[in-house]
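Data first, discussion second: the structure below is written as structure tokens.
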């Protein structure tokens, strides 16, 4: 079974600081996804990374993918309180099976 | 535009009772459909997926089942709920041949 590991699981940071969330997966994957979940809500898609070396940016978030290392990162630049949420990475295997990490709960303190 | 509906939004059921959760997608045809469960404070676990009417793939052996009676309708069922079935159930859909996956609003199930 494919395993997806995120770290850290909890992240408390000050506004204005930078930080990176890591996502490792155990076997070759078709694609890598990042999602955001607010408390009590469903998942919102942030990024879909389709190939080795892919980099996508939206506002203060930037995601990258290294398929050789089986590693994706989600980098937060100059964090603001509105980014507080839980972030999940997921990998797509055999085109239909999505495997999720445990999530990183981010708390950005003013 | 496409929308995905789930109902009910919340549900409290006693142990041993049956379950039926429904998911429907509007504005598209022949989607791939997925059921996930999220236990409190955890990631998502893929339960079932379907690539067409009557075609169900089960990922986790348990007391749940899924059916797809119509192209855009996906139902999650149980004959007898367990305490461990409590969680947040999310339905998702994907265009055939696309990589993007879209989630519904979810059903929060509490088994007492």
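The values are calculated or read from the model by the stated rules, or taken from the named source; none is laboratory data. A quick note: this is a predicted structure, and the numbers were derived from the prediction, not measured. Cβ: placed from backbone, ideal geometry, glycine included. Neighbour counts: every protein chain shown.
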(request) Please work out if residue A:62 is at pLDDT below 95 and closer than 20 Å to residue A:107 by Cα. (result) no
(message) Just to be sure I understand the filter: pairs with C-beta atoms under 6 Å, separated by 6 or more residues or on different chains, first member in the stretch A:1-13 and more than 10 Å from chain B (Cβ to nearest Cβ), second member in a loop (DSSP other than H, G, I, E, B) and loosely packed, with under 13 Cβ neighbours inside 10 Å. Which pairs pass?
(response) A:2/A:27
(request) Among the numbered conditions (1) surrounded by fewer than 20 Cβ atoms within 10 Å (Cβ to Cβ); (2) within 24 Å of residue B:28 (Cα to Cα); (3) under 14 Å from the mean Cα position of the chain (by Cα), tell me where residue B:99 comes up short. (result) (3)
(request) Answer yes if at least one residue in the stretch A:80-92 is over 14 Å from the mean Cα position of the chain (by Cα), part of a loop (DSSP other than H, G, I, E, B) and at pLDDT 95 or above, and no otherwise. (result) yes
(request) Just need a number here: residues in the stretch A:22-79 that are out of contact with any strand residue (DSSP E or B) (no Cβ under 9 Å at 6 or more places or on another chain) and under 20 Å from residue A:93 (Cβ atoms). (result) 1
(request) Looking only at the stretch B:39-46, decide whether some residue is more than 20 Å from residue A:47 (Cα to Cα), within 9 Å of chain A (Cβ to nearest Cβ) and free of Cβ contacts under 8 Å to residues at least 60 places away in the same chain. (result) yes
(message) I need the full set of residues from the stretch B:70-109 which are touching a residue at least 24 places away in the same chain (Cβ under 8 Å), in a loop (DSSP other than H, G, I, E, B) and more than 9 Å from chain A (Cβ to nearest Cβ), in order please.
(response) B:71, B:72, B:79, B:80, B:81, B:82, B:86, B:95, B:96
